[in-house]
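Working notes for the structure below.
Just so it is clear, none of the values below were taken in a lab; they were calculated from the coordinates. Here the structure is a predicted model, which means the values were calculated and not measured. Every residue, glycine among them, receives a Cβ derived from its backbone with ideal geometry; neighbour counts consider all protein chains shown.
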Amino acid sequence: MTPPAPSDAGLPQVALAHGLRLDNQFVRELLGDPEGGSRRRQVEAALWSPVLPTPVAAPRLLAHSAEMAAALGFDDATLASPEFAAVFGGNALAPGMMPYAGNYGGHQFGHWAGQLGDGRAITLGEGTNAAGERWELQLKGAGPTPYSRTADGRAVLRSSIREFLCSEAMHHLGVPTTRALSLVATGDSVVRDMFYDGHPAPEPGAIVCRVAPSFIRFGHFELPYARGDVALLRQLVEFTIARDFPHLTGAGESLYADWFGEVCTRTAAMSAGWMRVGFVHGVMNTDNMSILGLTIDYGPYGWIDDYDPDWTPNTTDAQGRRYRFGWQPRIAHWNLGRLAQALSPLFGDVAPLQAGLDAYASTYAALDRRNIAAKLGLADADDADVQLMQRLHGLLQAGEVDMTLFFRGLADLDTPMPSLDVVDGAFYDAGKHDALLREFEAWLQAYAARIEAGGEPAALRRQRMRAANPRYVPRNYLAQQVIDAATQGDVAPISELLEVLRRPYDDQPGNERFSERRPEWARAKAGCSMLSCSS
Ligand code: AMP
Ligand code: MG
């Protein structure tokens, strides 16, 4: 359908050279809300609402992703132009853009939360590039939408820097994720109560343009299901399969079953990726689960420093720690269960949905085993290797050992003469190091014996380990240092850190300071250890 003109004041159009053929399939093919503007409301029988970004005072590009700029066809001159900052700061539109906010619901912390929707995300447009890739451009923090409820639709610089850096880092780590094109300062301030302690203060505002082939979430299917709108549910399923899973053929229930199965296996790949690199999403609500199995909605996420499966960075989740590191694979399964439930009206029999959920479990188990093998440098992991890894996990936790540094250091072990020296730098607590010395040495002996028995060249083991165990991850404190500098007006460190994170598996001489243990000052500092939900 043709969307109605938004009733908000229009935005100027500017010429902007890019490489996308905008077709805006989501809004052209799916039912939309007849009302424009950002009046807060329940939106029934529609999957999106037309809404324009709200202009900001002084948009200024702070950083961009070179890879995404290339994929989307933005050259250097365009990136540097005021038109680019205007469009990606929400002050102007390029021809062919059809801004909208998506309508979806979700289960938050295990409970159905009703309509949520894009409260501070506005898609500008979607289309295909010369390579045939589909990309949707979505501003985060561009002002209110019908789904903003009591909030302002804005984002602060600190959370925008975090999303910009981490989503790009995840891509380079090889974990499926949404991407980020640009980070634009708005020149406006946004009031936030950072510590939720009754002391709201103004902070600089910013807007990230995030990019993905699709921003459809599990919650997009849950909302029509909850409202009993099976026609809308079916329309969305048919659309999603046709646009985002074009390789799937067939029709009706068997097609839907194949599709759900693929959503399950992709979600398994995403969870396994998180567990391999030590990423904790922090808010795995079903509205934050991508139908493409992409990591989406970078909020109070965190990175594992010392190995702790019970850790969550999210203060909002401090009580139950539902989204703790070690529970992520099972939470993803639970979320898929909610999606299965939402899809159930399209199935005569739940067996295919159960089969999808089972495929999640078996795929995750297989990938977990592959991760174990790769992280330990083995060709394959058998049951004894799984046990060896479990024993190591227990030691890493008890010994308060840095996950990233330990596995990276382990690659340098001289297996004929194993010594803990190679991972000494990964210990946070000298007392625990000394107390567990014997256990660690025994583990190293067992590991070295396993490697020696395999009889493979040492170089091959090292190569496998270096491809699976990153040297550089966007540790919470590194992001915080960049945020502190940017808040003082120095934005160069944003791109400097991004540059390092583009090659996370390479040793980068001169960049050692980005691959160090979390410093003591960062142990309990806000932003470095704990974060709150939406900011
Ligand atoms: P999140 O926890 O970021 O996934 O957000 C949950 C819901 O709150 C989503 O519907 C968001 O769009 C909405 N939301 C979060 N922050 C804001 C904000 N500053 N303004 C408007 N809506 C927001
Ligand atoms: Mg969200």
- Item | Sorted by Cβ density within 10 Å, fewest first, the residues 159, 362, 81 | 362, 81, 159
- Task: For helix 252-277, report the angle its Cα long axis makes with the longest principal axis of the Cα atoms of the chain; keep it between 0 and 90° and round to the nearest 10°.
- Result: 50
- Taking the Cβ of each residue in 296, 161 as the centre, tally the other Cβ atoms inside 10 Å and list the residues starting with the fewest. 296, 161
- Distant alpha-carbon pairs in region 220-273 (separation over 19 angstrom), percent: 34
- For region 378-535, what's the radius of gyration and Dmax over Cα atoms, in angstrom? 17.8, 56
- Item | Taking only Cα atoms of region 58-200, radius of gyration then Dmax in Å | 16.1, 50
- Descending packing, highest mean Cβ count within 10 Å first, for 121-129, 433-441, 143-151 is 121-129, 143-151, 433-441
- Message: Test of understanding: what is the full-extension gain from residue 349 to residue 254, defined as 0.36 nm times their sequence separation minus their Cα-Cα distance?
- Response: 33.1 nm
- Note on the structure: Amide H contacts under 5 Å for residue 62, restricted to residues at least 5 apart in sequence or on another chain and with H modeled in the peptide plane, are 183, 184, 185
- Neighbourhood charge, 12 Å Cβ-Cβ cut-off, centred on residue 309 and excluding it, Lys, Arg +1 and Asp, Glu -1: 0
- Query: In whole angstrom, and with the biggest value first, how far do the Cα coordinates of the chain range along each principal axis?
  - Reply: 72, 59, 48
- Task: Would you mind ranking 499, 83 so that the residue whose beta carbon has the fewest other beta carbons within 10 Å leads the list?
- Result: 499, 83
- Descending packing, highest mean Cβ count within 10 Å first, for 248-256, 206-214, 373-381 is 206-214, 373-381, 248-256
- Item | Relative contact order (percent, whole number), the chain, Cα cutoff 8 Å, 6+ residue spacing | 14
- residue 13 long-range amide H proximity, modeled H, under 5 Å: 93
- Taking only C-alpha positions in region 9-130, Rg and Dmax in angstrom work out to 16.0, 48
- Amide H within-cut-off set for residue 217, under 5 Å, with H built and near neighbours excluded: 291
- Apply the Karplus parameterisation 6.51 cos²θ - 1.76 cosθ + 1.60, with θ equal to phi minus 60°, to every residue of region 47-63 and state each ³J(HN,Hα) to the nearest whole Hz, in sequence, with x for glycine and proline. 9, 7, 10, x, 7, 9, x, 9, x, 10, 5, 8, x, 9, 6, 9, 6
- Item | Computed magnitude of the charge dipole of region 133-172 (debye, nearest 20; Cβ of K, R +1, Cβ of D, E -1) | 200
- Query: Order of 162-172, 28-38, 475-485, 504-514 by packing, highest average Cβ count within 10 Å first?
  - Reply: 162-172, 475-485, 28-38, 504-514
- Net lengthening on full extension, residue 318/residue 435 (0.36 nm per residue, minus Cα-Cα): 39.2 nm
- Message: Starting from 0.36 nm per residue, how many nanometres of slack lie between residue 492 and residue 230 once their C-alpha separation is accounted for?
- Response: 89.3 nm
- Helix-only [θ]222 nm of the chain, DSSP H runs n ≥ 4, -39500 (n - 2.57) each, per residue, nearest 500: -12500 deg cm²/dmol
- Task: For region 272-367, build the convex hull from the C-alpha positions and give me its volume per residue in Å³.
- Result: 102
- Item | Spin-label pair residue 199/residue 523, simplified geometry with 7 Å Cα→Cβ offset, distance in nm | 2.2
- Message: Which one, 427, 394, 367, projects farthest toward the positive side of the charge dipole computed for region 367-429 from Cβ point charges (K/R +1, D/E -1)?
- Response: 367
- Item | Environment charge at residue 60 (Cβ cut-off 15 Å; Lys +1, Arg +1, Asp -1, Glu -1) | -3
